Structures are given as C-alpha cells and as structure tokens.
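The values are calculated or read from the model by the stated rules, or taken from the named source; none is laboratory data. The structure displayed is predicted, hence computed values, not measured ones. Counting neighbours? That spans all protein chains shown, and the Cβs are built from the backbone with ideal geometry, glycine included.
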Amino acid sequence: MSATSPQTVGIELGDRSYPIVIGRDLLQDAALLDRHIAARHLLIVTNATVAPLYLSTLTRALGDRRIQSVVLPDGESYKTLETFGLIVDALIDNRLNRDAAVIALGGGVVGDMAGFAAATYQRGIDYIQVPTTLLSLVDSSVGGKTAVNHPRAKNMIGAFHQPRAVIADIATLATLPEREFRAGLAEVVKYGFIHDLEFLAWLETHASELAAREDAAVIYAVKRSCEIKAAIVGVDEREQGLRAILNLGHTFGHAIETATGYGTWLHGEAVAVGMAMAADMSVRMGWLSDADRLRVVRLLERFGLPVRAPSIGTDLARGLMGMDKKVLGGKVRLVLLRRLGNAEVVGDYPGAAFDDTLREHFS
C-alpha cells in the first residue's frame, strides 16, 4: 500500500452512508473536497490552535463557495453549552439555511460541538468532519456521536448525527504535540484489544514506526481503526448493543477526566488508564489471564501512555461512574475483556471484583 495514495473506508448506513477518506495533503485537494462537500454555503468551525495552521489552506481549496468561520477557544474545558452557543450564533448571524453545511476542522472537541450544532440547527443540517488529531482521526470523527459536557458528567448533552464525509488528512499530525499524538494511540490500540488480535500483533510489531509517525504505519493504523469502527457502527449505529464495546476503558476514564477537571488529563490518557483497569477487573472476573493483562499494560507503556490512575478516591469514582450513559437500572455497566480481541458489555458482575479494582487504582 502506498503511503501517499488516499485510502477510503465506507460507513454503511443506508441513505446516511458516507466515506472516510484517509491520506496526505487532502486539505489542499480541491477536486477531492468538491466531490465530498456539496453545499455552497459553509461554516467552518475550528479553534484558536488549529485556525492559524489550516484554516486558510482549507478555505482556499474550497474555492468560490460562501464561507464563514468561527474560531473557538481550545481545550476540553470549553466543550460546554456556552461555547456551543457561539457556533449557533455564527450560523444565525450569517443567515445560513438548511442547504448550508458545517465543517468541523479540529480535534474531538471541535468535532463533537460542531456536529451537535449541525444536528440541532434548524432541526439538522449537513456537516463534514475534517479531523486534525490522531484521536479524532480514528475515533471521535467517525460514527456520528456529537455532544457537549456537563460540569458533573462528560458528553451528557448530545445527539447522534452522521457526517456527510470524513476527510482524514494525516499531514495535520505533523503539528500535533507529542502528548496529544500519544493520547490518540490509546484509541488505536483499543481496537486490537476489543476486536482484532491480528491488528494487536501488528501494533506490537510496528510500535516504533507508529510512534515515529511514519506515513505508512500511520495510514495503516488509521485505516484499520476506521474499518473496525465502521463495521461496528454499521451494525449498531445508536449503541443499543455491540457498539458499546468501543467504550473499553471509557467509564473508568471519564471518571478521571471529570474528577480532575476537564483537560487536566487528555481523553486518551484517561482511557489508557481505564483500559488497564478494565484488564485488571477482567482478571479478577476469571476471564483474562494475568499474562494478557500484562500484554495490555506493556503495549500502553510502549506508547508512553499512563497506566496508573490518580488518587481520586473510591467514593468519588463510584459516584462519577454512576452518571455514565451506560448505567441501566442503577447498575454501572462496564466493558470488560472476555479475552484479548473479545470485549463484552457487562452489567452483572461480582461487586467484590468492582470494589477491589476501584480500591487498587483510585485509593
């Protein structure tokens, strides 16, 4: 596979199907953008970090359309209804109608908020994801989840709204800080842990190339991650069953993010710890061998990701996890590993295993 030729992964959702196009320098490819962006009136939503790097490049490539932009403050702490309101204000102030589209140019925070604005403005308009972080390339830009945070719980206000396309330009990763890049790798290795042992083995073999951001390795990792997510979302778009396995580590991780203040821990860092905790609890359940738990931990560590939780206390952790969207009937449902490559959503588990995991990691 050439590292420079665009790769396409399809999300099959009937009349809401769309392509994920993966390659280098796609933001400069006017013909490609024209094929995938039909609207002539556009609002580009970006942030203060990304705008100086890529906003003018994208605007030039979009040609003679009517283009407006809104530049948001950068950071998870701004993923709020107040910041969301700035996007809606821009849509109204520029008199954009239902034939307009929103372009999300940025990472997961921008993508989630821009998508939520598109989902709700005039009861729904088109949007296109243009992710600029590894985490958004492989996870948040794909699948149609949009949301903002509430001070007491992450992603509690949102909607499912699929984009028209995802334009994944890996050239944007060149400007991504090392910590952000490594945080994105957490969502990449997740796909191996939950679904694909061959991909897990590939990650272990090619960890150094991927960490060094070599094009061929990055494109393959992004493409395979998107293929796995596309297959799962195609079966379960609204997370009624199978799609929930994509949340491996997230229930533990969201508690870390909320307890420490949004943005103190990057999402991928918190998820990495959460996956180590899920592996730990899977061992306590008698599902996973300790050797496989160590395999999880060692791969996370090879990518420079944390595997130890902050000491937020078991009571606070339990309370925050009780606000998770996967809670049903008052029971915290967890994604655990039946074995490597096979995850399962579990609501009926021994309380002692859960308590011991919380004490081991959060005390």
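Structure data summary
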{"item": "Test result for residue 162, within 26 Å of residue 74 (Cβ to Cβ), part of a loop (DSSP other than H, G, I, E, B), at pLDDT 95 or above and touching a helix residue (DSSP H, G or I) at 6+ places or on another chain (Cβ under 9 Å)", "result": "yes"}
{"item": "Number of positions in the stretch 136-192 that are under 18 Å from residue 23 (Cβ atoms) and among the aliphatic types (A, V, I, L, M)", "result": "13"}
{"item": "Residue within the stretch 287-298 that is out of contact with any helix residue (DSSP H, G or I) (no Cβ under 8 Å at 6 or more places or on another chain) and in a loop (DSSP other than H, G, I, E, B) present", "result": "yes"}
{"item": "All positions within the stretch 95-107 that are touching a helix residue (DSSP H, G or I) at 6+ places or on another chain (Cβ under 7 Å) and crowded, with 21+ Cβ neighbours inside 10 Å", "result": "102, 104, 105, 107"}
{"item": "Residue count, the stretch 54-91 (criterion: of a type in the set (S, T, N, Q) and within 16 Å of residue 28 (Cβ to Cβ))", "result": "3"}
{"item": "Number of the condition not met by residue 71 [criteria: (1) in contact with a helix residue (DSSP H, G or I) (Cβ under 6 Å, 6 or more places away or on another chain); (2) touching a residue at least 40 places away in the same chain (Cβ under 8 Å); (3) hydrophobic (A, V, I, L, M, F, W, C)]", "result": "(2)"}
{"item": "Selected residue (criterion: modelled with the highest pLDDT) from residues of the stretch 315-352 that are assigned to a helix (DSSP H, G or I) and surrounded by 18 or more Cβ atoms within 10 Å (Cβ to Cβ)", "result": "317"}
{"item": "Subset of the stretch 29-41 (residues that are touching a helix residue (DSSP H, G or I) at 6+ places or on another chain (Cβ under 9 Å) and buried (at least 19 other Cβ atoms within 10 Å of the Cβ))", "result": "32, 33"}
{"item": "Of all residues making up the stretch 175-189, the number that are among the β-branched types (Val, Ile, Thr) and surrounded by fewer than 22 Cβ atoms within 10 Å (Cβ to Cβ)", "result": "1"}
{"item": "Hits in the stretch 1-28 (condition: crowded, with 18+ Cβ neighbours inside 10 Å and touching a Pro at 6+ places or on another chain (Cβ under 8 Å))", "result": "9, 11, 18, 21, 22, 23, 26"}
{"item": "Any chance residue 110 is touching a helix residue (DSSP H, G or I) at 6+ places or on another chain (Cβ under 7 Å), at pLDDT 95 or above and assigned by TED's automatic domain parsing to the domain that holds residue 26", "result": "no"}
{"item": "Close pairs (7 angstrom Cβ cut-off, 6 or more residues apart or separate chains): farther than 10 Å from residue 308 by Cα and in the same structural domain as residue 343 (by TED's automatic domain parsing) in the stretch 256-282, among the polar types (S, T, N, Q) and in a helix (DSSP H, G or I) anywhere", "result": "262/77; 263/77; 280/357; 281/357"}
{"item": "Elements of type helices (runs of 4 or more DSSP H) in the stretch 30-104, at least 3 residues being at pLDDT 95 or above and either outside the structural domain of residue 168 (by TED's automatic domain parsing) or of a type in the set (Val, Ile, Thr) (or both)", "result": "81-93"}
{"item": "Test: residue in the stretch 118-134 that is outside the structural domain of residue 91 (by TED's automatic domain parsing), among the hydrophobic types (A, V, I, L, M, F, W, C), touching a residue at least 12 places away in the same chain (Cβ under 8 Å) and crowded, with 24+ Cβ neighbours inside 10 Å", "result": "no"}
{"item": "Meets criteria (assigned by TED's automatic domain parsing to the domain that holds residue 183, touching a residue at least 24 places away in the same chain (Cβ under 8 Å), closer than 23 Å to residue 153 by Cβ and among the basic types (Lys, Arg)) for residue 338", "result": "no"}
{"item": "Residue within the stretch 212-235 that is under 18 Å from residue 321 (Cα atoms) and of a type in the set (A, V, I, L, M) present", "result": "no"}
{"item": "Meets criteria (in contact (Cβ under 8 Å) with a residue 60 or more places away in the chain and either out of contact with any Cys (no Cβ under 7 Å at 6 or more places or on another chain) or within 23 Å of residue 218 (Cα to Cα) (or both)) for residue 26", "result": "yes"}
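Yes/no matrix, rows are residues, columns are (1) farther than 17 Å from residue 120 by Cβ; (2) surrounded by 19 or more Cβ atoms within 10 Å (Cβ to Cβ):
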{"site": "137", "(1), (2)": "yes, yes"}
{"site": "142", "(1), (2)": "yes, yes"}
{"site": "149", "(1), (2)": "no, yes"}
{"site": "154", "(1), (2)": "yes, yes"}
{"site": "160", "(1), (2)": "no, no"}
{"site": "167", "(1), (2)": "yes, yes"}
{"site": "173", "(1), (2)": "yes, yes"}
